[in-house]
Amino acid sequence: MLLHLRQVLTPDEVEQARAVLQDAAWGDGRVTAGVQSAQMKNNEQLPQDSAAARLLQQLVLDGLNRHAVFFSAALPKRIFPPLFNRYGGAANAFGNHVDNAVRYVPGTQGERVRTDISCTLFLSEPDTYDGGELCVEDTFGTQSVKLPAGDLVLYPGTSVHRVEPVTRGHRLASFFWVESMVRSDEQRRLLFDMDTHLMRLRTSAGETDAAVIGLTGTYHNLLRLWADV
Ligand code: NI
């Protein structure tokens, strides 16, 4: 499932993030790439242990925490501390690759995150740069994604994907991975669809409607069956 989530960060928070990133000391993006993807990767990244990175990580995590659709779609168990990157100038693209299946969380005793879901949160307005589309290959063909600042795209960690060259301006983004309570993309998708329709039904039929109560039970019983917590 590829899903567009609107306004994970407010316009004020996006401004704040951009102000921090503008003065930040950027490093080579290859530090977090695997051996194969390092050959395709040419961008800049904020060092993970910098004060700027820690401040912005909290900003993004707070945005995710208050976003009900993110929770419903991702059913997060663990979230890798968000990373930040910049594409533009001579460091402007990331060719086709698949993200590593398991990530070690820096600064922990070997804590791991299985990358069931990949996320990109756009921080630059689309009209301020050319190129920079995130292209995700899936069974319906290649999806090209370029979103308003503050919006996020969530897609399966299993996908081959790339970032097209940025030919004007700079593209700032945050990216990270989610280990989901529900490992299967198919099962997670079914739960998300069911939850979405249930929310509509609650509005039209009311919280105390017998069918609403019954279907809410079915949702939770499926989650109980499939969730690993
Ligand atoms: Ni990637």
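Every listed requirement among (1) closer than 28 Å to ALA19 by Cα; (2) surrounded by fewer than 21 Cβ atoms within 10 Å (Cβ to Cβ) is met by ASN43 save one, (2).
Within the group SER37, SER50, which residue is touching a residue at least 24 places away in the same chain (Cβ under 8 Å) and within 28 Å of ASP185 (Cβ to Cβ)? Outline the logic, then answer.
Numbers: SER50 fails: within 28 Å of ASP185 (Cβ to Cβ).
Only one candidate qualifies: SER37.
One line per residue, one yes/no per condition, for (1) within 16 Å of THR120 (Cα to Cα); (2) surrounded by fewer than 19 Cβ atoms within 10 Å (Cβ to Cβ); (3) modelled with pLDDT under 95:
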{"position": "PHE140", "(1), (2), (3)": "no, yes, yes"}
{"position": "LEU152", "(1), (2), (3)": "yes, no, no"}
{"position": "TYR155", "(1), (2), (3)": "yes, no, no"}
{"position": "GLY169", "(1), (2), (3)": "no, yes, no"}
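Residues in segment 77-117 that are over 10 Å from VAL178 (Cα atoms), aliphatic (A, V, I, L, M) and either within 16 Å of the ligand (Cβ to nearest atom) or in a strand (DSSP E or B) (or both): LEU83, ALA91, ALA93, VAL98, ALA101, VAL102. Of the residues making up segment 125-139, just one is over 14 Å from THR167 (Cβ atoms), part of a loop (DSSP other than H, G, I, E, B) and either within 16 Å of the ligand (Cβ to nearest atom) or of a type in the set (S, T, N, Q) (or both), namely THR139. For segment 54-73, a tally of residues being of a type in the set (A, V, I, L, M) and within 17 Å of ALA149 (Cβ to Cβ) returns 4. Checked against (1) surrounded by fewer than 16 Cβ atoms within 10 Å (Cβ to Cβ); (2) hydrophobic (A, V, I, L, M, F, W, C); (3) touching a Gly at 6+ places or on another chain (Cβ under 7 Å), LEU61 passes all but a single condition, namely (3). Among the residues that make up segment 53-67, is at least one of them touching a residue at least 60 places away in the same chain (Cβ under 8 Å) and of a type in the set (Lys, Arg)? Checking segment 53-67: not a single residue is touching a residue at least 60 places away in the same chain (Cβ under 8 Å) and of a type in the set (Lys, Arg). Among the residues making up segment 154-182, a single one is more than 21 Å from TYR104 (Cα to Cα) and acidic (Asp, Glu): GLU164.
Among the residues of segment 60-73, some residue qualifies, meaning at least one is part of a loop (DSSP other than H, G, I, E, B) and away from the ligand (no atom under 14 Å from the Cβ).
The values are calculated or read from the model by the stated rules, or taken from the named source; none is laboratory data. Small disclaimer: the values here were computed from a predicted structure and weren't measured. So basically every Cβ, Gly included, is an ideal-geometry build from the backbone, and we count neighbours across all protein chains shown.
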